[in-house]
Amino acid sequence: MKVAVAGCCHGALDKMYETLELLQRRHNVRPDLLLCCGDFQAVRNEADLRCMAVPAKYRHMQTFYRYYSGEKKAPVLTVFIGGNHEASNHLQELPYGGWVAPNIYYLGYAGVVRFRGVRIGGISGIFKSHDYRKGHFECPPYNQQTIRSAYHVRNIEVFKLKQLKRPIDIFMSHDWPRSIYHYGNKKQLLKMKSFFRQEVESNTLGSPAASELLQHLKPTYWFSAHLHVKFAAFMQHETNSKEELPKATKFLALDKCLPHRDFLQIIDVEHDPNAGDSLEYDAEWIAVLKATNSLVNVTQSSWNMPEKNGLHAKWDYSVTEEAIKEVLEELNHDLKIPCNFTLTAACYDPSKPQKNMQAVHTINPQTTEFCAQFGLTDINDRIQQAKEEGSGRGECEEEEEEEMDSTGSAEEPSEYNTDNSGLSSFNPDEIMLDDEGGDEDLSTCSVDPSPDHPPEFSTSFSDIRIMPDSMVVSSDDAMDSNNEELEKSGGSKEVEEKSSSERSLKRIGGDENGNSGIKKIKRRNQAIYAAEDEEKTD
């Protein structure tokens with residue numbers, strides 16, 4: 001089957017789906033599935049905009065609300081993970097995944113699903129070491145700290161994914177696995193993004209948690225976004241025994257979703273021709289969720305996951321075939337994910353803007369039903385109980401932290417003791433966020449919805465590339481070809497048409513007063529929200 005993969009969408013659903021339709025009209029290529037690697041921005045209303053960690057001037061309504069309201073429907077099944085620029089209050093409603101709109105499915109903090117027999121996994125957010133060992137304690141209304149920590153990856157999600165034994169076909173993360181750049185054309189990457197050099201040479205660029213998952217899961221494909229540059233790599237994994245067959249992962253990072261950018265990739269994936277066309281639960285993943293349910297933590301307390309170090313009575317939470325069979329029997333061998341999307345918030349109305357709308361902590365019926373069906377803890381319900389009982393601590397309470405459960409240990413040192421997920425060098429693609437005082441008062445921020453009818457973009461068509469069946473990439477700087485040449489190996493079909501007139505490019509490197517702004521750089525995505533394409537061209 002044909003799978004389309006997109007990088008940072010940033011709420012531009014109309015553009016993304018129109019590009020796919022254009023692909024079908026011009027080249028008779030119709031994807032069966034669309035995957036999005038984060039920064040999806042499922043923004044329903046003005047309150048959701050306030051829960052997105054970007055300065056107010058970059059907050060635009062975009063077009064997701066039309067799919068949420070039912071005005072439009074996604075023309076292809078869409079599965080996405082969260083990034084670091086999301087309506088966190090909306091995605092928080094679905095910690096185990098669920099429908100954010102008809103035909104658009106969110107994988108949750110971490111998740112695995114199946115489509116036509118293809119096993120698809122993913123982990124949402126980005127890595128920050130200072131939040132990695134905490135529970136999911138945040139809830140709206142967020143403050144300047146929790147609006148960011150809400151999208152930081154937690155060790156419990158990585159631990160759950162590491163319990164999987166069955167092969168994964170496709171895996172998605174927002175930030176790149178650390179060290180993956182050593183398996184592709186590193187020379188060309190640094191030519192395009194010279195400000196990555198320090199982190200690449202010190203091997204601190206990317207997520208160590210994602211790297212750990214890559215080495216454990218060994219998926220056939222791994223897709224990422226976040227850094228706004230297209231990059232391909234090929235990683236041959238080491239075998240643990242002579243009997244184990246060699247495995248390799250084809251890695252691809254996607255560019256951001258902007259006109260005149262190569263932001264979509266089409267790949268052919270082997271599938272089960274006898275499987276149905278519905279998105280399905282993964283039985284092993286459900287069994288792992290059940291097995292690790294006792295580890296759920298909704299406090300700010302830091303702890304490590306159980307491991308074989310003498311401090312834990314149990315450390316292996318992988319599941320048996322019998323446990324997987326029990327899940328199948330519970331579902332009567334019907335793994336189809338129910339189409340139970342429910343509106344949980346008012347939808348943006350362009351004729352009646354509500355600039356003072358505030359976000360509230362919401363229990364989503366999809367999550368309630370999912371947890372009841374499989375006997376899982378509803379994280380948001382637990383947070384709500386803690387608020388009401390005054391016994392928990394999150395953003396909603398300022399009391400002492402709870403004692404840790406005996407299955408965890410707050411005294412153990414973190415496996416990642418430094419925060420290397422951010423770039424220390426200057427990145428002109430970042431959004432400026434002041435780490436000291438924040439960019440604004442979240443309760444009174446202004447909202448600037450985008451026009452209902454965005455400009456026509458389809459006259460230019462350089463947004464899609466067809467990926468070859470094999471993506472062989474050598475692992476050193478000796479390669480002089482660029483990423484596009486790598487991806488063309490095997491005679492791939494490139495779909496690209498240049499616009500006759502290009503807009504002038506400019507670099508955002510400082511504030512209005514000409515200051516460099518380096519001290520305020522906390523994110524890599526400055527150019528995403530700008531109206532012009534600010535990518536440096538060589």
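The values are calculated or read from the model by the stated rules, or taken from the named source; none is laboratory data. Please read all numbers here as calculations on a predicted model, not as lab measurements. For neighbour counting, all protein chains shown are included, and Cβ atoms are generated from backbone atoms with ideal geometry for every residue, glycine included. Heads up: the accessible areas ignore ligands, DNA and RNA and are worked out on the full protein's heavy atoms, side chains in. Shrake-Rupley method; radii C 1.70, N 1.55, O 1.52, S 1.80 Å.
Sort 302-315, 330-343, 79-92 by the packing proxy (mean of other Cβ within 10 Å over each peptide's residues), most packed first. It would help to have the intermediate numbers written out before the result.
Numbers: 302-315: 14.7, 330-343: 13.1, 79-92: 27.4.
Order by mean packing, descending: 79-92, 302-315, 330-343.
How much FRET efficiency would the formula 1/(1 + (r/R0)^6) give for Asn340 and Ala275, where r is the Cβ-Cβ distance and R0 is 30 Å, rounded to 0.05? Working shown, then result.
Details: r = 21 Å, r/R0 = 0.71.
After rounding to 0.05, the efficiency reads 0.90.
Farthest toward the dipole's positive end in the range 2-390, which of Ser351, Ile324, Ala291, given Cβ charges of +1 (Lys, Arg) and -1 (Asp, Glu) about the Cα centre?
It is Ser351.
List, in the order given, every pair from Lys72/Lys355; Lys242/Lys290; Lys128/Lys162; Lys2/Lys165 whose Cα-Cα distance in the structure shown is over 22 Å.
Details: Lys72/Lys355 24 Å; Lys242/Lys290 33 Å; Lys128/Lys162 19 Å; Lys2/Lys165 26 Å.
Pairs exceeding 22 Å: Lys72/Lys355; Lys242/Lys290; Lys2/Lys165.
What residues qualify as long-range amide H neighbours of Met172, i.e. H under 5 Å apart, gap of 5 or more or another chain, H built at 1.01 Å from N?
Close amide H contacts, sequence-distant or interchain: Gly121, Gly122, Ile123, Phe223.
Taking +1 at the Cβ of each Lys and Arg and -1 at the Cβ of each Asp and Glu, which of Cys257, Tyr181, His216 sits farthest along the dipole of the range 140-293 towards its positive end, judged by Cα position relative to the Cα centre?
So the residue we want is Tyr181.
Once you charge only the Cβ atoms, +1 for Lys and Arg and -1 for Asp and Glu, what is the size of the charge dipole of the range 2-390 about its Cα centre, to the nearest 20 debye?
On the way: 46 positive and 44 negative charges, 309 e Å.
Roughly 1480 debye, rounded to the nearest 20.
Can you give the accessible area per residue of the range 2-390, in Å², using a 1.4 Å probe? Please list the in-between numbers first.
Working: 13400 Å² over 389 residues.
Solvent-accessible surface per residue comes out at 34 Å².
When the dipole is taken about the Cα centre of the range 213-289, and only Lys, Arg (+1) and Asp, Glu (-1) are charged at their Cβ, what size is it in debye, to the nearest 20?
Numbers: 7 positive and 12 negative charges, 108 e Å.
The calculated dipole for the range 213-289 is roughly 520 debye.
Label Glu238 and Arg25 with points 7 Å out from Cα along Cα→Cβ: what is the distance between them in nm?
Using points 7 Å along Cα→Cβ, the separation is 5.3 nm.
Within the set Lys160/Lys308; Lys134/Lys247; Lys73/Lys218, which residue pairs have Cα atoms separated by over 24 Å?
Working: Lys160/Lys308 16 Å; Lys134/Lys247 33 Å; Lys73/Lys218 34 Å.
Exceeds cut-off: Lys134/Lys247; Lys73/Lys218.
Based on the inverse mean of 1/r over its pairs of different Cα atoms, what is the Kirkwood hydrodynamic radius of the range 1-80, in Å? Each step should come with its number before you reach the end.
Details: mean 1/r = 0.0743 Å⁻¹.
Its Kirkwood hydrodynamic radius stands at 13.5 Å.
For His216 and Thr368, what does the FRET efficiency come to when R0 = 45 Å and r is the distance between their Cβ atoms, rounded to the nearest 0.05?
Numbers: r = 32 Å, r/R0 = 0.70.
Taking R0 as 45 Å, the efficiency between His216 and Thr368 is 0.90.
So if R0 is 51 Å, what FRET efficiency would Asn293 and Asn203 give, r being the distance between their Cβ atoms, rounded to the nearest 0.05? Present the calculation step by step, with values, prior to reporting the outcome.
On the way: r = 36 Å, r/R0 = 0.70.
E(calc), rounded to 0.05, equals 0.90.
Could you sort the peptides 209-222, 263-276 by per-residue average Cβ neighbour count (10 Å cutoff), highest mean leading? Display every interim value, and only then the final one.
Working: 209-222: 21.1, 263-276: 16.3.
Averaged packing, sorted descending, gives the order 209-222, 263-276.
Treat each spin label as a single point 7 Å out from the Cα along the C-beta direction, and report the Lys73 to Ser351 distance in nm.
Reported label-point gap for Lys73 and Ser351 is 2.4 nm.
Provide the gained length on full extension for the span Ser318 to Glu388, in nm with one decimal, where the gain is 0.36 nm per separating residue minus the Cα-Cα distance. Spell out each step's value before the answer.
Working: separation 70, 0.36 × 70 = 25.20 nm, distance 3.44 nm.
Separation in residues times 0.36 nm, less the Cα-Cα distance, equals 21.8 nm.
What percentage of the solvent-accessible surface of the range 2-390, computed with a 1.4 Å probe over protein heavy atoms, is contributed by carbon and sulfur atoms?
Values: 6320 of 13400 Å².
Here it works out to 47 percent.
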